[in-house]
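The block underneath contains the structure these notes are about, expressed in structure tokens.
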């Protein structure tokens, strides 16, 4: 499972039709929606289809969430 942060950088609120498109991908589970127009989600399986669709959306940016150990 991978986690991604998607940020809507357009004007106004997150468009619900675009959010629905993201949510309907197989294996996608939304974990958190931030007031800053960021969506944290988990993808069970390959994320390539999801990322390809997000790339087509005009005002969205996607980044894989990574954690680093500080020793």
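Go through (1) loosely packed, with under 12 Cβ neighbours inside 10 Å; (2) out of contact with any helix residue (DSSP H, G or I) (no Cβ under 9 Å at 6 or more places or on another chain) and name the single condition residue 42 misses.
(1)
With the structure loaded, tell me whether residue 50 is modelled with pLDDT under 95 and either outside any loop (DSSP other than H, G, I, E, B) or touching a strand residue (DSSP E or B) at 6+ places or on another chain (Cβ under 8 Å) (or both) or whether it fails that test.
When the stated conditions are applied, residue 50 passes them.
Here is a list of conditions, (1) farther than 15 Å from residue 59 by Cβ; (2) surrounded by 13 or more Cβ atoms within 10 Å (Cβ to Cβ); (3) modelled with pLDDT of 95 or more, and residue 6 meets all of them except one; can you say which number that is?
All conditions pass for residue 6, except number (1).
The values are calculated or read from the model by the stated rules, or taken from the named source; none is laboratory data. Fair warning: this is a prediction, and the values are worked out from it, not measured in the lab. Because the Cβ atoms are built from the backbone with ideal geometry, glycine has one as well, and the counts that use them run over all protein chains shown.
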